[in-house]
Amino acid sequence: MTIKLALIGAGRIAKAHAKSVTASPDAELVAVTDAVPSAAQALALATDAKASDADAIASDKSVDAVLICTPTDTHADLIEKFARAGKHVFCEKPVDLDLGRAEEVVSIARKAGVKLMLGFNRRYDPNFAGVRAAIDAGRIGDVEMVTITSRDPGAPDISYVSRSGGIFRDMTIHDLDMARFMLGEEPIVVSAHASVLVKPELKEIGDSDSATVILETKSGKQAVITNSRRATYGYDQRVEVHGSLGVARAENHHENTVVVGNAEGYSSAPLQNFFMTRYTASYAGEIAEFIAALKEDREPATTGADGVIALKLANACVESVKTGRRVAV
């Protein structure tokens, strides 16, 4: 059985997913649509698919599933549209910026009997997955504390940030999902702190560029997340899990693994400087998981429900910053 997929969107991330689909022996990319028709046509031509439109894809009975790679504020409507059309859906995070709407479309997909997978790609990073595997194998004992560092090389454009939902719903949301993945237990209390240290314009739209979050679970496990929109030394992505018997960590990716030592000390290559490069394997992994879930008729590893929980945690971060208090989830 070959899974026939359509791409909704033809931008940067859509191109990465198109490469994953065309490399899979179990899937075929059959259609591409985008708000910019020329972009859809170009990607369709490069992948032997056809340029189409959303309505035609929804009504095409040969299309099994769609990959939604469009701006955040279009996700919920597109999930609903294709779920009601009986198409399985992979969607980039978040489901929606409004919690009620996110819960609604997740329910719509469930009632329609279609699978809904959220693009929390970092779970599919081989290094982070390796940390989780070490936990599952009992190599570090019971998880006690998780530390996640996520810093971007530079702040995004204001036009992007203004529709992204802010740092907690756009950037931290990945780390909130990663914290859940590593803790193995749901956070029930959130405390967050945020400030503007990098891009003063963010203050004008009520956003931040520097944040710290502490998550607490019922049993007392803790996760600490630090985010910054500035890392002059590259794309800083690290995870450490401390357990009763030891520690597991995933370090940064450098441009190469060469280390030079001399009288001046040791030096290594710069960090990779772009998320599309750092997480290439994770993007391929999540699309492989979506295709496998459809072939095996099972739920994917990251579902719409995971998207709802991560959004609840992100909203709690926003509330904690506003009130200066710990927030129960």
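The Cα atoms of the stretch 1-62 define a convex hull whose projected area, averaged across directions, is 3.8 nm².
In the chain, a dipole from Cβ-located charges (positive for Lys and Arg, negative for Asp and Glu) runs towards its positive end, and of 29, 78, 97 it is 97 whose Cα lies farthest in that direction.
Suppose only helical runs count, i.e. DSSP H with n ≥ 4. What mean residue ellipticity at 222 nm does that imply for the chain under -39500 (n - 2.57) per run, divided by all residues and rounded to the nearest 500 deg cm²/dmol? Helices in the chain give a 222 nm mean residue ellipticity of -11000 deg cm²/dmol. Looking at the stretch 225-301, the GluC sites (Glu not before Pro) that sit in a DSSP loop and have at most 16 other Cβ atoms within 10 Å of their own Cβ are 251, 255, 264. Annotation: the residues 279, 266, sorted from fewest to most other C-beta atoms within 10 Å of their own C-beta, follow the order 266, 279.
Among 187, 200, 126, the residue with the largest mean-square fluctuation in a Gaussian network model of the chain, with springs joining Cα atoms closer than 10 Å, is 200.
Across the stretch 148-200, Cα-Cα pairs more than 13 Å apart make up 68 percent of the total.
When a/c is below 1.5 the answer is rounded, else prolate if a/b is larger than b/c, else oblate, so apply that to the stretch 63-210 with a ≥ b ≥ c taken from the square roots of the Cα gyration tensor eigenvalues. Taking the square roots of the gyration eigenvalues as a ≥ b ≥ c, the stretch 63-210 is oblate.
If you only keep lysine pairs separated by 8 or more in sequence, or across chains, how many in the stretch 3-114 come under 16 Å at the Cα atoms? Number of lysine pairs found: 11.
Normalising the average separation of contacting C-alpha pairs (under 8 angstrom, six or more residues apart) by the number of residues puts the relative contact order of the stretch 23-114 at 21 percent.
Between the alpha-carbon centres of the stretch 149-219 and the stretch 88-136 there is a gap of 18 Å. Within the straight-line cut-off of under 24 Å between alpha carbons, the lysines reachable from residue 221 are 312, sequence neighbours fewer than 8 places apart in one chain being disregarded. Taking all Cα pairs closer than 8 Å and separated by 6 or more residues, the relative contact order of the chain comes to 20 percent.
List the trypsin sites (Lys or Arg not before Pro) within the stretch 143-175 that fall in a DSSP loop (any state other than H, G, I, E or B) and whose Cβ has at most 16 other Cβ atoms within 10 Å. Of the trypsin sites (Lys or Arg not before Pro), the ones in loops of the stretch 143-175 whose Cβ has at most 16 other Cβ atoms within 10 Å are 163. The structure shown yields Rg/Rh (Cα atoms, Kirkwood Rh), and of the options (1) 1.12; (2) 0.97; (3) 1.01 that calculated value carries the label (2). Report the calculated FRET efficiency for residue 218 and residue 268 (r = Cβ-Cβ distance, R0 = 51 Å), to the nearest 0.05. The formula returns an efficiency of 0.80 here. For residue 98 and residue 198, the FRET efficiency from 1/(1 + (r/R0)^6), where r spans their Cβ atoms and R0 equals 22 Å, is about 0.20.
Restricting the stretch 227-329 to trypsin sites (Lys or Arg not before Pro) that sit in a DSSP loop and have at most 16 other Cβ atoms within 10 Å of their own Cβ leaves 230, 298, 325, 326. Membrane-span-like helices in the chain, defined purely by DSSP H runs whose alpha carbon atoms cover 27 Å or more axially and whose average Kyte-Doolittle hydropathy reaches -1.0, are 304-323.
Given 37 °C and 0.692 mPa s, compute D for the stretch 3-114 with the Stokes-Einstein relation, Rh being the Kirkwood radius over Cα pairs; round to the nearest whole µm²/s. The diffusion coefficient I find is 237 µm²/s. Rounded if a/c is under 1.5, else prolate if a/b beats b/c, else oblate: with a ≥ b ≥ c from the C-alpha gyration tensor eigenvalues square-rooted, which is the stretch 261-329? It is oblate, given that a/c is not under 1.5 and a/b is not larger than b/c.
Read the figures in this text as sums done on the coordinates, not as results from a lab. This structure is a prediction, so every number in the text was calculated from the model and none was measured. We place every Cβ from the backbone using ideal geometry, glycine too, and count neighbours over all the protein chains shown.
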